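Participant: Would you mind keeping the following structure in view while I ask a few things?
The values are calculated or read from the model by the stated rules, or taken from the named source; none is laboratory data. Everything quoted here is computed from the prediction, not taken from an experiment. Cβ atoms come from the backbone with ideal geometry, glycine included; neighbour counts cover every protein chain shown. Each accessible area value is taken on the protein alone, full model and side chains, heavy atoms only, with ligands, DNA and RNA left out. Shrake-Rupley method; radii C 1.70, N 1.55, O 1.52, S 1.80 Å.
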Amino acid sequence: MKGFDLNTLVRESVQKLQPYSSARDEYVSDGSEMLFLDANENPFDNGVNRYPDPYQRSLKLLLAEQKGVSESQILLGNGSDEVLDLIYRAFCEPNQDNIITLPPTYGMYKVLSGINAVENREVLLTDDFEPNVKEILGVVDAKSKLLFICSPNNPTGNSFKKERIEQLLASFSGLVVIDEAYIDFSKDESWLSQLNNYPNLIVTQTLSKAYGLAGIRLGICYASEEIIKVLNKIKPPYNVNQLTQQRALERVLNQDLVNKEIQQILQERDQLITALNNLGFVKKIYPTDANFVLAKVDNANKRYQQLLEKQVVVRNRSTQPLCENTLRFTVGTPDENKKLIATLKELN
Ligand SMILES: *Cc1c(COP(=O)(O)O)cnc(C)c1O
């Protein structure tokens, strides 16, 4: 936040941009009966013959109420992947600016930095998978636009210590993106409550994990109204389709079912951890605050292949720094979990 000034962070081309004005931007329905002959749609009703709401107002209204933020502090995208890409494109000048990531972490930050031709400065997590604040601040320069913090972190599973994140938010003069894809499984509070305290904070969430809607692609970005305005300027006009908006709305309204599933996943996770603890080839199980477990084994390549031969696909994370000989297990249904545990016990 130190010396934070949003205007100096926005790319010049974005500042100058005159955004595309869609038919649905120019005339917003007030609910009265109108003939809509302005968007060259096929007029015959089939449920999706009309363009969707470019600002997804119904869904934002519901999310805003549930999360205690204003609708103007929300941007929705075609998965978090689109949201993250928009953040790069709004703030990072190609071949000029840099971003900071903290491996081992989610692979998309690095890929997006490659796609957008933005230097990725990597600062390894400490041995206990915490951000190394001093080293991070050491690589920052005037061209450092974004700092990605994934908490709970993928693939390690842990949530970072609050004090470390606070230090980074307070000291970094670029934007701090906290990726909370797994927050619904976590014991820790979301950083959403801090949105009004840190003008440089962006929180991303998704319906792909706890909400069980990976197939519809709905990513959520929460930030100050000023940041959201910049992102709205460059987003494709109809980036969240009608079917996605509908399914998301239904699911977010059915919070009881979502919570029930989360509780079940957490119970299953505990059972999986107990089972892993009893296996000779498992050397270490890392603390997790997410719906997966990272475990160090005797020989990850061998165990990965053995599981594949028994029709079980897990993720081999061994090539990631600090993750030598690790496998990442996603928590499945009680039935899938039982099969996984039985299969693990058969390995020798
Ligand atoms: C799974 C995951 C996402 C989800 O991305 P979507 O594009 O919304 O499906 C985002 N961040 C992290 C760290 C993840 O593991």
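Participant: Residue by residue through the range 108-131, note down the ones that are in contact with a Gly (Cβ under 9 Å, 6 or more places away or on another chain) and either assigned to a loop (DSSP other than H, G, I, E, B) or over 23 Å from Cys92 (Cα atoms) (or both).
Facilitator: At the first step, the residues of the range 108-131 found to be in contact with a Gly (Cβ under 9 Å, 6 or more places away or on another chain) are 120, 123, 129.
Selection gives Val123, Phe129.
Participant: While we're here: I need a count of the residues in the range 282-312 that are part of a loop (DSSP other than H, G, I, E, B), closer than 28 Å to Glu180 by Cβ and open to solvent by 50 Å² or more (accessible area, probe 1.4 Å).
Facilitator: Let us first name the residues in the range 282-312 that are part of a loop (DSSP other than H, G, I, E, B), namely 286-291, 298-299, 310-312.
Imposing the further condition that a residue be closer than 28 Å to Glu180 by Cβ reduces the set to 286-291.
Keeping just the survivors that are open to solvent by 50 Å² or more (accessible area, probe 1.4 Å) gives 287.
Adding up the residues that qualify gives 1.
Participant: Out of (1) in a helix (DSSP H, G or I); (2) of a type outside the set (Ser, Thr, Tyr); (3) modelled with pLDDT under 95, the odd one out for Leu62 is which?
Facilitator: Exception for Leu62: condition (3).
Participant: Continuing with the same structure: Could you please let me know if Glu250 is closer than 19 Å to Cys150 by Cβ, away from the ligand (no atom under 15 Å from the Cβ) and either without any contact (Cβ under 8 Å) to a residue 12 or more places away in the chain or among the hydroxyl-bearing types (Ser, Thr, Tyr) (or both)? Before you say what the answer is, go through the steps one by one.
Facilitator: Values: closer than 19 Å to Cys150 by Cβ: no; away from the ligand (no atom under 15 Å from the Cβ): yes; either without any contact (Cβ under 8 Å) to a residue 12 or more places away in the chain or among the hydroxyl-bearing types (Ser, Thr, Tyr) (or both): yes.
When the stated conditions are applied, Glu250 does not pass them.
Participant: Among what's in the range 51-75 and is crowded, with 16+ Cβ neighbours inside 10 Å and of a type in the set (D, E, K, R), pick the residue that is farthest from Glu189 (Cα to Cα).
Facilitator: Asp53
Participant: Here's something else I'd like to know. Cβ-Cβ distance below 6 Å, separation of 6 or more or different chains: which pairs start in the range 107-129 with a residue that is within 16 Å of the ligand (Cβ to nearest atom) and end on one that is among the small types (Gly, Ala, Ser) and not in a loop (DSSP other than H, G, I, E, B)?
Facilitator: Asn120/Ser113
Participant: Would you call Leu279 touching a helix residue (DSSP H, G or I) at 6+ places or on another chain (Cβ under 7 Å), farther than 30 Å from Asp5 by Cβ, open to solvent by less than 60 Å² (accessible area, probe 1.4 Å) and outside the structural domain of Tyr20 (by TED's automatic domain parsing)? Let's see the steps before the verdict.
Facilitator: Details: touching a helix residue (DSSP H, G or I) at 6+ places or on another chain (Cβ under 7 Å): yes; farther than 30 Å from Asp5 by Cβ: yes; open to solvent by less than 60 Å² (accessible area, probe 1.4 Å): yes; outside the structural domain of Tyr20 (by TED's automatic domain parsing): yes.
Against the criterion (touching a helix residue (DSSP H, G or I) at 6+ places or on another chain (Cβ under 7 Å), farther than 30 Å from Asp5 by Cβ, open to solvent by less than 60 Å² (accessible area, probe 1.4 Å) and outside the structural domain of Tyr20 (by TED's automatic domain parsing)), Leu279 qualifies.
Participant: Here is a list: Ser190, Ser208, Ser224, Ser186. Which entry is surrounded by 15 or more Cβ atoms within 10 Å (Cβ to Cβ) and over 16 Å from the mean Cα position of the chain (by Cα)?
Facilitator: Numbers: Ser190 fails: over 16 Å from the mean Cα position of the chain (by Cα); Ser208 fails: over 16 Å from the mean Cα position of the chain (by Cα); Ser186 fails: over 16 Å from the mean Cα position of the chain (by Cα).
Of the residues listed, the single one that is surrounded by 15 or more Cβ atoms within 10 Å (Cβ to Cβ) and over 16 Å from the mean Cα position of the chain (by Cα) is Ser224.
Participant: Turning to a different aspect of this structure: Take the conditions under 18 Å from Thr204 (Cβ atoms) and part of a helix (DSSP H, G or I) and apply them to Leu147. Does it pass?
Facilitator: Details: under 18 Å from Thr204 (Cβ atoms): yes; part of a helix (DSSP H, G or I): no.
So Leu147 does not fit the description; no.
Participant: Specify the residue that is least open to solvent (accessible area, probe 1.4 Å); the eligible residues are those in the range 211-221 that are near the ligand (Cβ under 8 Å from one of its atoms) and over 20 Å from Ser193 (Cα atoms).
Facilitator: Taking the range 211-221 first, the residues near the ligand (Cβ under 8 Å from one of its atoms) are 214, 217-219.
From what's left, over 20 Å from Ser193 (Cα atoms): 214, 217-218.
On the way: Ala214: 51, Arg217: 76, Leu218: 1 Å².
Within the range 211-221, the match that is least open to solvent (accessible area, probe 1.4 Å) is Leu218.
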